[in-house]
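Below you'll find the structure, written out as structure tokens, and then a few comments.
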Amino acid sequence: MSKDIIKIANCSGYYGDKLSAAKELVDGGPIDVLTGDYLAELTMTILYNQKLQRGEDKGYVGTFLKQIKEVAKSCKEKNIKIISNAGGLNPKSMANEIKKILNEQSIDMNVAYIDGDDLLPRMKELSDEGETFQNIDKKISLDDSGYTTLTANAYLGAWGIKEALDNGADIVVCPRVTDAAVVIGPAAWKFNWKRNDYDALAGALAAGHIIECGCQATGGNYAFFKEVPSFDNVGYPIAEILEDGSFYVTKHPGTGGLVSKGTVTAQLLYEIRSPAYINPDVIAHFDTLKIEDIEKDKVYISGCRGSSPP
């Protein structure tokens, strides 16, 4: 790992993304961290049904275990950390399954898991304390909705991930953390950022938001698709983050797709409702950042200002 940069590659944008992407990122060039984002709100429902049908020890993204089997040995040899929210509704159970795989392959890696996002046992207590759980669109409280709560998960931030890495974890299994937390966490660990290093954290949040959906940042979701030279074997995105929170976005050489000011801007605007992007760790002000094309398939993003989280 370079002293002044951390290279974070994201191999999954959703549950069902390309299985071979993890191995391709690990084998395709130097990286420090492999991340995977598997959770949408819909996915939480799928995992709940899985638990219901297949047992209380389920409720995680099983395909991630296949990827671990493929990449664990190489990650150990290359000192690559693995961080993923594939733990879903049952990060502890997934961590145990990963340990079994490592034992089978005689690989010595430390596995950590994070919990604390599950609010289901606390719903009555929170309700009694005056939390109405109002629907964001319809403004109807949960009590008045007539619905039964099946899952209730808070979006956790990056500090549990940083703590796991501080304590020597090689693989961190997360539950419902924000999509960008799996990128902010290792960057905060690498540079030992404090909770009020808002500008640096905001930069890492922008990086996480750009690479969280996999190939969407490398041309897969780009309106000006004629600019993309080839959609054959589209490369997955890599964020190279510096200590001040500025970063490069790129992909491995020899892969399809495109990393340009256009593809990065398109992904930056994805799923946001205002330029102030709210996260549990920081608010990133996307209207302050600057995006520059540096070279073929390499873009530099700098100047993202941050403020305290809500």
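The values are calculated or read from the model by the stated rules, or taken from the named source; none is laboratory data. On a predicted model such as this, the values are computed, not experimentally measured, just so you know. Quick reminder, even Gly has a Cβ in these numbers, built from the backbone with ideal geometry, and neighbours come from all protein chains shown.
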Give region 61-114 a look and list any residue that's in a helix (DSSP H, G or I), over 25 Å from Cys213 (Cα atoms) and of a type in the set (Val, Ile, Thr), or say none.
Ile101
Residue count for region 99-115, restricted to those that are among the small types (Gly, Ala, Ser) and at negative phi:
1
Which condition number does Tyr222 fail, the rest of (1) of a type outside the set (A, V, I, L, M); (2) in a loop (DSSP other than H, G, I, E, B); (3) within 21 Å of Ala276 (Cβ to Cβ) being met?
(3)
Here the qualifying pairs (Cβ atoms under 6 Å; residues six or more apart or on different chains; first in region 87-102 and in contact (Cβ under 8 Å) with a residue 40 or more places away in the chain; second assigned to a helix (DSSP H, G or I)) come out as Gly87/Met94; Gly88/Leu47; Leu89/Leu47; Ile98/Ile68
Among residues of region 138-183, those that are more than 13 Å from the chain's Cα centre (by Cα), part of a loop (DSSP other than H, G, I, E, B) and touching a residue at least 60 places away in the same chain (Cβ under 8 Å), counted
4
Spans of strands (runs of 3 or more DSSP E) in region 239-287 with at least 2 residues more than 14 Å from Tyr198 (Cβ to Cβ)
247-250
Which condition does Ala188 not pass, out of (1) assigned to a helix (DSSP H, G or I); (2) under 11 Å from Ile83 (Cα atoms); (3) of a type in the set (Gly, Ala, Ser), if it passes all the others?
(2)
Residue match in region 30-38 (condition: free of Cβ contacts under 8 Å to residues at least 12 places away in the same chain and surrounded by fewer than 20 Cβ atoms within 10 Å (Cβ to Cβ)):
no
When the residues of region 203-241 are narrowed to those that are over 15 Å from the mean Cα position of the chain (by Cα) and more than 26 Å from Asp27 (Cα to Cα), which ends up surrounded by the fewest Cβ atoms within 10 Å (Cβ to Cβ)?
Lys226
Filter result for the condition that a residue is within 21 Å of the chain's Cα centre (by Cα), over 22 Å from Leu25 (Cβ atoms) and in the same structural domain as Asp37 (by TED's automatic domain parsing), over Asp244, Asp293
Asp244
Can you find a residue in region 301-310 that is part of a loop (DSSP other than H, G, I, E, B), surrounded by 20 or more Cβ atoms within 10 Å (Cβ to Cβ) and in contact with a Phe, Trp or Tyr (Cβ under 9 Å, 6 or more places away or on another chain)?
yes
Answer from Ser141, Ser93, Ser145 - the residue that is surrounded by 14 or more Cβ atoms within 10 Å (Cβ to Cβ), polar (S, T, N, Q) and more than 21 Å from Gly13 (Cβ to Cβ):
Ser93
Matching residues in region 103-123 (of a type in the set (Gly, Ala, Ser) and free of Cβ contacts under 8 Å to residues at least 60 places away in the same chain) number 2
Name the residues in region 61-89 that are more than 23 Å from Gly168 (Cβ to Cβ) and in contact with a Gly (Cβ under 8 Å, 6 or more places away or on another chain), would you?
Val61, Thr63, Gly88, Leu89
